[in-house]
1. In the range 177-277, what chymotrypsin sites (Phe, Trp or Tyr not before Pro) fall in a loop by DSSP, with at most 12 other Cβ atoms inside 10 Å?
2. With the crude spin-label approximation of a point 7 Å out along Cα→Cβ, what separation in nm comes out for MET223 versus ALA15?
3. TYR187 label point, 7 Å along Cα→Cβ, cut-off 19 Å on backbone N: hits in the range 146-174?
4. Test of understanding: express the Cα radius of gyration of the range 66-177 as a ratio to 2.2 N^0.38 Å, with N the residue count.
5. List every residue whose amide H lies under 5 Å from the amide H of VAL174, counting only residues 5 or more places away in sequence or on a different chain, with H placed 1.01 Å from N in the peptide plane.
6. So, how do all the Cα-to-Cα distances of the chain break down into 5 Å bins, in percent, from 0 on up?
7. Compute the distance in nm between two label points, each set 7 Å from the Cα along the Cα-to-Cβ direction, one at ARG110 and one at LEU275.
8. In whole Hz, what ³J(HN,Hα) sequence does the range 150-161 give by Karplus (6.51, -1.76, 1.60; θ = phi - 60°), x for Gly and Pro?
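Each reported figure results from applying straightforward, stated rules to the coordinates on display, with no laboratory input. This one's a predicted model, so the numbers in the text were calculated from it and none came from an experiment. We place every Cβ from the backbone using ideal geometry, glycine too, and count neighbours over all the protein chains shown.
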Amino acid sequence: AKEEGGARAQRYLAAMQDVITSRLALEKNLRKALERGEFVLHYQPKVDIRTGAVTGMEALVRWVRDDGTIVPPQDFIPVAEKTGLIVALGEFVLREACRQMHAWQKRFGRLKMAVNISARQFQPGLPDTVASALADAGLDPGLLELEITETTMMRDLALTVSVLERLTTGGIAVAIDDFGTGHSSLYYLKTFPISSIKIDRSFVRDIPNDETDATIVTTVVSMGRNLGIGIVAEGVETEAQLDFLRSLECPEVQGYYFSKPLPPHAFEAWMENRLRV
Ligand code: C2E
Ligand code: CA
Ligand code: CA
Ligand code: CA
């Protein structure tokens, strides 16, 4: 039997209500989680493909719930972005990553700590927030790198230029994250002060077999080399991918092949183990 229009509309409204209610609940929980210190950072190494040396690490946020379950960022970052909570969460991430790198530099040397910056954080006040996080941690700006996506950069070009110039003048490195997935990647390279690009995992996944992806990656690596900027291939999982990237002389790699993102203690153990071999 065909449902009455009225009844269908009712059902739709009820479903919408559920979506809104659960989003509000999640928002409230996220706010509480931030107050209670339930967010932690995991760290994934970046490796020099030629020497095998660790060049730095990327900080990736996780939410550890009361019962110990770990919530991955894709389950809460979108809501944090919509509600604006990402600004406070992002500042926590920045401060914690700077603090951790300062603590690690005596033990592991001058490595670069990379922090993801979301679009909502990319505001005129960002350079001051970053400067204050660095100062409070006592961290050299040369050890901090911000990963910013193309989508963020394209929102307001004048703002992007001014914020990036203030950041990089202070000695901070800026990487274009998820390179190739945005709209005018090459334009960004020409216009913004970028120190490196991260080739998105979607291009790395099927190399060397997929000819299109292999060509794209080859071209991006050689372009980076010619422009004198760093290249990191993301999402390297296999020896075959690594061999191919090595043949291209892609300078840096990151991915499960080396390590998943690890909590601080496990990251330390991983580093110690690597220094021993
Ligand atoms: P992203 O910045 O592109 O980070 C890379 C993601 O790929 C991470 O997922 C990482 O665990 C995963 N990954 C790394 N190597 C491999 C690999 O070899 N194979 C596969 N299959 N995956 C790999 P994660 O930690 O779940 O983070 C997902 C996204 O959430 C990040 O993508 C980033 O956009 C966002 N995110 C994470 N932490 C933060 C943060 O502190 N602030 C902001 N604004 N966003 C964050
Ligand atoms: Ca990233
Ligand atoms: Ca990425
Ligand atoms: Ca990504």
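1. Numbers: sites: PHE179, TYR187, TYR188, PHE203, PHE244, TYR256, TYR257, PHE258, PHE267, TRP270; in loops: TYR256, TYR257, PHE258.
Sparse-neighbourhood loop chymotrypsin sites (Phe, Trp or Tyr not before Pro): TYR256.
2. 4.1
3. 148-165
4. Values: Rg = 14.4 Å, N = 112, 2.2 N^0.38 = 13.2 Å.
In units of the globular-protein estimate, the range 66-177 measures up at 1.09.
5. LEU146, SER195, SER196
6. The distribution over the chain is 1, 5, 11, 15, 16, 16, 14, 9, 5, 3, 2, 1, 1, 0, 0, given as percents.
7. 1.7
8. 4, 4, 5, 5, 7, 5, 8, 4, 5, 4, 4, 4
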